[in-house]
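Beneath this line is the structure, given in structure tokens, with notes to follow.
The values are calculated or read from the model by the stated rules, or taken from the named source; none is laboratory data. This structure is a prediction, so every number in the text was calculated from the model and none was measured. Please note: Cβ atoms are built from the backbone with ideal geometry, for glycine as well, and neighbour counts cover all protein chains shown. Note: areas computed on protein heavy atoms with side chains; ligands, DNA, RNA excluded. Shrake-Rupley method; radii C 1.70, N 1.55, O 1.52, S 1.80 Å.
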Amino acid sequence: MTFAKHVAIIMDGNGRWAKQRMLPRAMGHKKGVDAVRRLVRAAREMGLEALTLYAFSTENWKRPEDEVSALMGLLKGFIISDLDEFAANNVRLRIIGDYKRLPADVAELIEGALARTAGNDGTTLVVALNYGSQDEIARAAAKAAAKGAITPEAIEAELDTAGLPPLDLLIRTSGEVRLSNFLLWQAAYAEMLFVDTLWPDFTPEHLQQALDQFAGRDRRYGGR
Ligand code: IPE
Ligand code: IPE
Ligand code: MG
């Protein structure tokens, strides 16, 4: 039995969840935030070291402006409403992706939340914002080159995820079977799980089932 320390989730299917109910897409995103809140609590209670959530990709800027601003509004609301709970429960917030390019008010809130939870050493909640793996790897390679040789170790040390435990399990909801530019480097030997559940319907029980499945897998890393 192996226990997962670091789980990442591609939270997909908010739009389809809303569509099935003839609701506006923003309502699906709102329910998606409720699912995030439940999952962060569960991850903390289960003692996960790190939970990484894909919230906004470098490609998501292609969506209509009203959807992008609804997502930014929800993100702000989430930080404002949940930061006290993180702070009180030893949750450390970390961001991967180029979050400084988000709207200034959002970026400022994030800075405050990072500073407030920086001393915590419980579960790390990693939120991927304006994140694209290709962008991350390119930035890391440039930094590695500026310091010397471009080796896998040197790149890894410059990735946005540097210092986090290695990725154990990558989950994608909503039935899509692709990575959509998420953690391409880190997923090299991660276990993957694709589930049909739409993100707003994803519960702590689903996470527990995923962890149980993970525990039964045989990871060989190319050896035997
Ligand atoms: C995932 O839900 C949330 C984000 C990408 C921000 P989607 O909005 O992609 O939902 P679907 O894929 O259209 O159902
Ligand atoms: C991936 O979902 C991004 C996030 C969950 C934030 P998308 O819905 O954007 O991915 P594609 O477009 O279906 O590949
Ligand atoms: Mg989607």
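Please list the non-local residues whose amide H lies under 5 Å from the amide H of residue 52, H modeled 1.01 Å from N, same-chain partners needing a gap of 5 or more.
It is 7, 8, 9, 126, by chain and number.
Using a 1.4 Å probe, what is the accessible area per residue for the chain, in Å²?
Numbers: 11260 Å² over 224 residues.
Averaged over the residues of the chain, the accessible area is 50 Å².
Restrict the search to the stretch 1-56; then list the trypsin sites (Lys or Arg not before Pro) that DSSP places in a loop and that have at most 16 other Cβ atoms within 10 Å of their Cβ. Display every interim value, and only then the final one.
Details: sites: 5, 16, 19, 21, 25, 30, 31, 37, 38, 41, 44; in loops: 5, 21.
Here the trypsin sites (Lys or Arg not before Pro) that fit, given the DSSP loop and packing criteria, are 5, 21.
Would you calculate a helix-derived [θ] at 222 nm for the chain, using -39,500 (n - 2.57) for each DSSP H run of n ≥ 4 and dividing by the full residue count, to the nearest 500?
Working: 7 runs with 101 residues, N = 224.
Here the helix-only value at 222 nm equals -14500 deg cm²/dmol.
How long are the three semi-axes of the equivalent ellipsoid of the stretch 108-224, in whole Å, if each is the root of 5 times an eigenvalue of the C-alpha gyration tensor, listed from largest down? Please list the in-between numbers first.
Numbers: eigenvalues 140, 88, 45 Å².
That gives 27, 21, 15 Å for the three semi-axes.
Please list, ordered by chain and number, the residues whose modelled amide H lies under 5 Å from the amide H of residue 92; skip anything fewer than 5 residues away on the same chain.
Amide H neighbours of residue 92, under 5 Å, 5+ apart: 122, 123, 124, 125.
The stretch 87-180: which GluC sites (Glu not before Pro) are DSSP loop and have at most 15 other beta-carbon atoms within 10 angstrom?
On the way: sites: 108, 111, 136, 153, 156, 158, 176; in loops: 176.
Answer in residue order: 176.
Under the rule of at least 5 residues apart or a separate chain, name every residue whose amide H is placed under 5 Å from the amide H of residue 172.
Counting only residues 5 or more places away or on other chains, the set is 10, 193, 194, 195.
Ignoring ligands, DNA and RNA, please state the percent of accessible area on the chain from carbon and sulfur, probe 1.4 Å.
That share works out to 53 percent.
Please pull out the direction-averaged projected area of the stretch 1-152, using the convex hull of its alpha-carbon atoms, in nm² to one decimal place.
Numbers: hull surface 45.0 nm².
Average of the hull's projected areas for the stretch 1-152 equals 11.2 nm².
Could you please put 194, 182, 3, 78 in sequence from largest to smallest accessible area, using a 1.4 Å probe? Present the calculation step by step, with values, prior to reporting the outcome.
Numbers: 194 75, 182 0, 3 160, 78 25 Å².
Heavy-atom accessible area, descending, gives 3, 194, 78, 182.
List the trypsin sites (Lys or Arg not before Pro) in the stretch 124-212 that DSSP assigns to loop (not H, G, I, E or B) and whose Cβ has at most 14 other Cβ atoms within 10 Å. Which are they? Display every interim value, and only then the final one.
Details: sites: 139, 143, 147, 172, 178; in loops: 178.
Taking the stretch 124-212 and a limit of 14 other Cβ atoms within 10 Å, the loop trypsin sites (Lys or Arg not before Pro) found are 178.
Students often get this wrong, so check it: of 30/100; 31/143; 19/100, which have C-alpha atoms separated by over 30 Å? Intermediate values should be presented prior to the final figure.
Values: 30/100 23 Å; 31/143 38 Å; 19/100 32 Å.
Violating the 30 Å Cα-Cα cut-off are 31/143; 19/100.
Which sequence of 189, 99 reflects their accessible areas, 1.4 Å probe, from the largest down?
On the way: 189 120, 99 30 Å².
From most accessible down to least: 189, 99.
Just to check I understand the Karplus step: with θ = phi - 60° and J = 6.51 cos²θ - 1.76 cosθ + 1.60, what whole-Hz values come out for the stretch 179-188, glycine and proline as x?
Calculated HN-Hα couplings, in order: 9, 6, 6, 10, 6, 4, 5, 5, 7, 3 Hz.
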